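Report on the structure given below.
The values are calculated or read from the model by the stated rules, or taken from the named source; none is laboratory data. For clarity, every value in this text was computed on a predicted model and none was experimentally measured. So basically every Cβ, Gly included, is an ideal-geometry build from the backbone, and we count neighbours across all protein chains shown. Surface accessibility is based on the protein's heavy atoms, side chains included, excluding ligands, DNA and RNA. Shrake-Rupley method; radii C 1.70, N 1.55, O 1.52, S 1.80 Å.
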Amino acid sequence: MNKTGDGQIHAMRHSLAHIMASAVAKLWPKARFGVGPVVENGFYYDIDVPGVAISEEDFPKIEAEMRKIISEKQSFVHSVKPIDEALGWAKASRQPYKEELLNDLMRAGTTLASDLNSDELGTITSGEAKASEASFYTNGDFTDLCRGPHAKTTGDVGEFKLMRVAGAYWRGKDTNPQMQRLYGVAFETKKELAEHLLMLEEAKKRDHRTLGRDLDLFTFSELVGQGLPLWTPRGTTLRTELDRFVQEMRDEVGFMAVTVPHITKKDLYEKSGHWSKFSDELFKIKTREGHEFAMKPMNCPHHTQIYDSKQRSYRDLPIRYRETTMVYRDEQTGELGGLSRVRAITQDDAHVFCRYSQVETEVLTLWGIVEKFYSGVGMPLRMRLSLHDPAKRADYMGTDKQWKDVEATLRKIVQDKIGNDFEEAPGDAAFYGPKLDFMGKDALGREHQVATIQFDFNQPEGFDLTCIDENGAQERIAMVHCAVMGSIERFLAIYIEHTGGRFPVWAAPEQIRIVTPNQDEKVVELAQKIAEEAREKYGLRVELDTSNESVGKKIRESEMQKVPYLVVVGAKELESGLVMPRVRADMRVKEGNVEPIKVDNFLHTVANEAKSRVSKSSI
RNA sequence: GCCGACUUAGCUCAGCUGGUUAGAGCGUCAGUUUUGUAAACUGAAUGUCCGGGGUUCGAAUCCCCGAGUCGGCUCCA
């Protein structure tokens, strides 16, 4: 089964797109139709009603009309018209978008924007006809250009719900007029539809923007601006712990931390090519003396200058720099949202400067770190080899031969490691070289691009980076870039939703909460002593709640804050010196209540869990 | 950037077609209570109704401009 469903549900969804279009045609006779394909879980139709903005308030009306059509059980009648007759139909029924599609069908043999060069879309006017006829489907008095297949009648389409209306450029080109895209979801049964809607509710509960506020991780300020998240103490702890995981693994294999300023003179990016190529996304600064600077949109050009600060021997290589630091990109306002897309991006960046002969080992080492990290956070990975697009040579630096060579090198490294179990994506390379991109799958089954390892043969050229080889000659070096989390902001958006805010002990901003059942002086004293010991002796993050509230309330608070361990310290504990930790549900491995345990043993165990970065409790 | 929707207390939201001192629950604060594994009781405070301009006798409500948020599109080194 593919993403848009198997045969039957696919036909149902596609039929619903037609039914929705016929309902809209009935309500707004002037409506012009674009395309109406099946998508994951449903369908959409691109519609343009001159002078009218269809809104979600119109949905009840449209849905009612659709249900009427469904109850009429109209047959879907397939017909084939000669192409000129089809064009006549489009003209007569005032459907300019269909006319354009038919024209493309005739000239190019396809209507799919993805199969056509984007410059050709709708503009091919000459050449031999590649299609002589067009296929149509009719239900009731609504006829649509369509390849099918469809359900038998409008009565056989399962259960649906219109979801939202959104703007969409005609054929995906931002120079084209915008149409209104009406989205619906559809399933064979009422139950499946209800389950889907419930799943959406669940996903909403896990939304990192909501959890970010509820768990007090980050915030935004209108005064600071869009796309500029502000991290609270708790959120900063979470970031720091995740980054520490990555950096410890890097340091083990010889990376060294470096630090660079967040701005640079224009000159650096003129040399690297960023100034002209990414000019739109650069935050530019003019000094009072009129000199031009820019906020860094990436770190590699700065790092090259550290490498280039002295003459390097082949004996010194590989030289491995790491730096977790923010870069700044002037993203379009419409793209910003939560932490997924921001303007101040923290990258866990790393650059290896090495000989070409060392690239393979370096890539494999970095790959190992990526694997270890994602297995640590519980996300399965899929790898994609991102290559350049030979049709768009102008987008890439370097020569054809260089690209061919480095892509072959990278492909060989991949094949030697994992065989052919990977996808190749022409057009997804960086402008300076091909890369390995990693997709992580979250707990809700969604895939996100996360880590990246890049083979850069262009910046060493641009910045003339060399080492002295065994014979005393200058040798051009290569660079390998790697970000494990990619952007910490985007990774946290994913990770918060992946865990639902239930972070493992090692990453949790608060690891243990100690509550007292009352405010008895001796009890409070003991609780304070335990908290202090946990912090000072074991380096744990502990909060103490001795407020004047019921134990039940305090436990509820702790649960809602998703604190891994809760310990009630009262008269019993005062007497026995034992505690009975409450383990967060997702971390429990044993059924039932935990056994009383000595305070020291408990703290020791938790500290070990934090250190070994396990996600389950050993208590 | 483009299309559309939304913006009322810290949070979630109510406030019909313009009509006195703008509400609820949760949270907060205070007092009472001194509590044993998911919400004690009582009371109180809290608003630039996103900002600015306009229409009107009168605007949270209508119109315009701007900001922000959300859903998409385009983009994403």
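When you look at A:Cys482, is it within 24 Å of A:Gln247 (Cα to Cα), among the hydrophobic types (A, V, I, L, M, F, W, C) and more than 14 Å from the chain's Cα centre (by Cα), yes or no? The answer is yes for A:Cys482.
Scanning region A:350-361 for residues that are open to solvent by 10 Å² or more (accessible area, probe 1.4 Å) and in contact with a strand residue (DSSP E or B) (Cβ under 9 Å, 6 or more places away or on another chain) yields A:Arg355, A:Tyr356, A:Gln358, A:Thr361. Go through the residues of region A:305-323 one by one and say whether even a single one is within 16 Å of RNA strand B (Cβ to nearest atom) and of a type in the set (Gly, Ala, Ser). No, the conditions are met nowhere in region A:305-323. The residue that is surrounded by the most Cβ atoms within 10 Å (Cβ to Cβ), among those in region A:558-588 that are more than 8 Å from RNA strand B (Cβ to nearest atom), without any contact (Cβ under 8 Å) to a residue 40 or more places away in the chain and within 16 Å of A:Phe503 (Cα to Cα), is A:Val583.
Within region A:392-411, the set of residues being free of Cβ contacts under 8 Å to residues at least 40 places away in the same chain, over 23 Å from A:Glu447 (Cβ atoms) and assigned to a helix (DSSP H, G or I) comprises A:Lys392, A:Arg393, A:Ala394, A:Asp395, A:Asp400, A:Lys401, A:Trp403, A:Lys404, A:Asp405, A:Glu407, A:Ala408.
Take the residues in region A:471-490 that are in a loop (DSSP other than H, G, I, E, B) and out of contact with any Cys (no Cβ under 9 Å at 6 or more places or on another chain), then tell me which one is surrounded by the most Cβ atoms within 10 Å (Cβ to Cβ). Step by step, filter region A:471-490, then rank; the result is A:Ala473. Applying the criterion of being of a type in the set (D, E, K, R), under 30 Å from A:Met163 (Cβ atoms) and away from RNA strand B (no atom under 14 Å from the Cβ) to the residues of region A:195-250, the residue that is modelled with the highest pLDDT is A:Glu195.
Among the residues making up region A:545-557, those that are charged (D, E, K, R) and more than 6 Å from RNA strand B (Cβ to nearest atom) are A:Asp545, A:Lys554, A:Glu557. One residue stands out among those in region A:430-448 that are within 11 Å of RNA strand B (Cβ to nearest atom) and under 19 Å from A:Arg341 (Cβ atoms): the one that is most open to solvent (accessible area, probe 1.4 Å), which is A:Ala430. For first residues located in region A:222-234 and touching a residue at least 24 places away in the same chain (Cβ under 8 Å), partners that are more than 8 Å from RNA strand B (Cβ to nearest atom) and among the basic types (Lys, Arg) and lie 6+ apart or on another chain with Cβ distances below 8 Å form the pairs A:Gly225/A:Arg343; A:Gln226/A:Arg343; A:Gly227/A:Arg343; A:Leu228/A:Arg343. Output the residues belonging to region A:511-523 that are in a loop (DSSP other than H, G, I, E, B) and either more than 12 Å from RNA strand B (Cβ to nearest atom) or of a type outside the set (Asp, Glu) (or both). Within region A:511-523, A:Gln511, A:Thr516, A:Pro517, A:Asn518, A:Gln519 qualify. Listed here are the strands (runs of 3 or more DSSP E) enclosed by region A:273-349 that have at least 1 residues being at pLDDT below 95 and among the acidic types (Asp, Glu): A:292-295.
Please go through region A:227-252 and pick out each residue that is more than 24 Å from A:Glu510 (Cα to Cα) and either touching a strand residue (DSSP E or B) at 6+ places or on another chain (Cβ under 7 Å) or surrounded by 14 or more Cβ atoms within 10 Å (Cβ to Cβ) (or both). Passing the criteria: A:Gly227, A:Leu228, A:Arg250.
Taking each residue of region A:533-557 that is open to solvent by less than 90 Å² (accessible area, probe 1.4 Å) and looking for partners that are assigned to a strand (DSSP E or B) and within 8 Å of RNA strand B (Cβ to nearest atom) with beta-carbon atoms closer than 9 Å, six or more apart or interchain, yields A:Val551/A:Val568; A:Lys554/A:Leu566; A:Lys554/A:Val568; A:Ile555/A:Leu566; A:Ile555/A:Val568; A:Ile555/A:Arg582. Exactly one residue out of A:Ser93, A:Ser71, A:Ser79, A:Ser15 is of a type in the set (Ser, Thr, Tyr), at pLDDT 90 or above and within 17 Å of A:Cys146 (Cα to Cα), and it is A:Ser15.
Is it fair to say A:Ile19 is over 31 Å from the mean Cα position of the chain (by Cα) and among the β-branched types (Val, Ile, Thr)? Yes: the conditions hold for A:Ile19. Considering only residues that are open to solvent by 30 Å² or more (accessible area, probe 1.4 Å) and over 16 Å from the mean Cα position of the chain (by Cα), which ones fall in region A:330-349? Selection gives A:Asp330, A:Gln332, A:Thr333, A:Gly334. A:Phe373 meets the conditions (1) over 13 Å from A:His481 (Cα atoms); (2) among the hydrophobic types (A, V, I, L, M, F, W, C); (3) not in a helix (DSSP H, G or I) in every case but one. The failed one is (3). Quick one: A:Ser79 ticks every box in (1) assigned to a strand (DSSP E or B); (2) over 26 Å from A:Val157 (Cα atoms) bar one, so which box is it? Among (1) assigned to a strand (DSSP E or B); (2) over 26 Å from A:Val157 (Cα atoms), A:Ser79 violates only (2).
As for region A:491-510, it holds no residue that is open to solvent by 10 Å² or more (accessible area, probe 1.4 Å), part of a strand (DSSP E or B) and not aromatic (Phe, Trp, Tyr). Just checking, which of A:Ser71, A:Ser79, A:Ser93, A:Ser15 is of a type in the set (S, T, N, Q) and touching a Gly at 6+ places or on another chain (Cβ under 8 Å)? None of the others qualify; the one that does is A:Ser71. Any residue at all in region A:264-280 that is more than 15 Å from RNA strand B (Cβ to nearest atom), among the basic types (Lys, Arg) and open to solvent by less than 20 Å² (accessible area, probe 1.4 Å)? Scanning region A:264-280 turns up no residue that is more than 15 Å from RNA strand B (Cβ to nearest atom), among the basic types (Lys, Arg) and open to solvent by less than 20 Å² (accessible area, probe 1.4 Å). Among the residues of region A:23-70, the ones that are closer than 26 Å to A:Leu101 by Cα and open to solvent by 60 Å² or more (accessible area, probe 1.4 Å) come to 8 in all.
Among the residues making up region A:556-602, those that are within 12 Å of A:Val515 (Cβ to Cβ) and of a type in the set (Val, Ile, Thr) are A:Val563, A:Val567, A:Val568, A:Val569, A:Val579. When region A:156-210 is filtered for residues that are in contact (Cβ under 8 Å) with a residue 60 or more places away in the chain, small (Gly, Ala, Ser) and loosely packed, with under 14 Cβ neighbours inside 10 Å, only A:Ala203 remains. Could you tell me whether region A:508-522 includes any residue that is under 30 Å from A:Arg312 (Cα atoms), within 34 Å of the chain's Cα centre (by Cα) and among the small types (Gly, Ala, Ser)? Checking region A:508-522: not a single residue is under 30 Å from A:Arg312 (Cα atoms), within 34 Å of the chain's Cα centre (by Cα) and among the small types (Gly, Ala, Ser). Filtered by the rule that a residue be more than 17 Å from A:His150 (Cα to Cα) and assigned to a loop (DSSP other than H, G, I, E, B), region A:41-52 gives A:Val49, A:Pro50, A:Gly51, A:Val52. Out of all the residues in region A:43-51, is one or more of a type in the set (Val, Ile, Thr) and modelled with pLDDT of 85 or more? Scanning region A:43-51 turns up at least one residue that is of a type in the set (Val, Ile, Thr) and modelled with pLDDT of 85 or more.
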